[in-house]
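Engineer: Mind looking over this structure? Questions follow.
The values are calculated or read from the model by the stated rules, or taken from the named source; none is laboratory data. Quick caveat: nothing in here was measured; it's all calculated off a predicted structure. When we count neighbours, we look across all protein chains shown, and the Cβ atoms used for this are built from the backbone with ideal geometry, even at glycine. Quick note on the areas: whole protein, heavy atoms, side chains included, nothing else; ligands and nucleic acids left out. Shrake-Rupley method; radii C 1.70, N 1.55, O 1.52, S 1.80 Å.
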Amino acid sequence: MQTDSPFNRLETASAATVTIEIDGQPFTAREGDSVAAALLAAGAIPSRTTPVSASPRAPYCMMGVCFECLVEVDGLANVQGCMVQVSEGMRVRRQNGARALTQGDVHEAV
Ligand code: FES
């Protein structure tokens, strides 16, 4: 996934890259980028929609405060994309509406 993005990168000494998947499409991200930064660089906006009104959202604060960057990372839902660095082969899915429950969410009644 390489799309036009309104975001421009600063030139840095390190330009090492990793390949991640965003909604099943390959994308070359910079090593050390957060998932949220990679989504913005890929033009993957909105990065999620809200569960109740399906309102579009995108990473905003980039420091773990607003929760607008929630995505699924390697099958784990509701991950704050701004708090996780990309890694080779990482699978990122944008969340649309309410997330699905997984087996790990189900607890046995005691
Ligand atoms: S962008 Fe605000 S918590 Fe991630």
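Engineer: Could you go through the range 67-84 in sequence order and give the Karplus-derived ³J(HN,Hα) for each residue, using 6.51 cos²θ - 1.76 cosθ + 1.60 with θ = phi - 60°, rounded to whole Hz, and x for Gly and Pro?
Structural biologist: So the J values, rounded to whole Hz, are 6, 7, 9, 4, 9, 9, 10, 6, x, 9, 7, 6, 8, 6, x, 7, 9, 10.
Engineer: So, one more: Can you list residues from other chains, or at least 5 along the same chain, whose modelled amide H is less than 5 Å from the amide H of Thr17?
Structural biologist: Here Glu31 satisfy the definition.
Engineer: How many Å² of accessible area per residue for the range 8-85, probe 1.4 Å?
Structural biologist: 54
Engineer: Further, regarding this structure: Under the rule of at least 5 residues apart or a separate chain, name every residue whose amide H is placed under 5 Å from the amide H of Arg48.
Structural biologist: Result for Arg48 returns Arg57.
Engineer: Mind listing the phi-derived Karplus ³J(HN,Hα) values for the range 36-42, rounded to whole Hz, using 6.51, -1.76 and 1.60 with θ = phi - 60°, and x for any glycine or proline?
Structural biologist: Calculated HN-Hα couplings, in order: 4, 5, 5, 4, 5, 5, 7 Hz.
Engineer: Using a 1.4 Å probe on the protein chains only, how many percent of the accessible area of the range 17-65 belongs to carbon and sulfur?
Structural biologist: On the range 17-65, the fraction of accessible area on carbon and sulfur atoms equals 54 percent.
Engineer: On to the next question. What is the sum of charges, Lys and Arg at +1 and Asp and Glu at -1, for the other residues whose Cβ falls under 10 Å from the Cβ of Thr49?
Structural biologist: +3
Engineer: In addition: Quick one: order Phe7, Phe27 from most to least accessible surface, probe 1.4 Å.
Structural biologist: The ranking, largest first, comes out as Phe7, Phe27.
Engineer: Add +1 for every Lys or Arg and -1 for every Asp or Glu among the other residues with Cβ under 12 Å from the Cβ of Val18, and state the total.
Structural biologist: -3
Engineer: Continuing with the same structure: Sorted by accessible area (1.4 Å probe), largest first, how do Cys82, Cys66 line up?
Structural biologist: If we order Cys82, Cys66 from most to least accessible, we get Cys66, Cys82.
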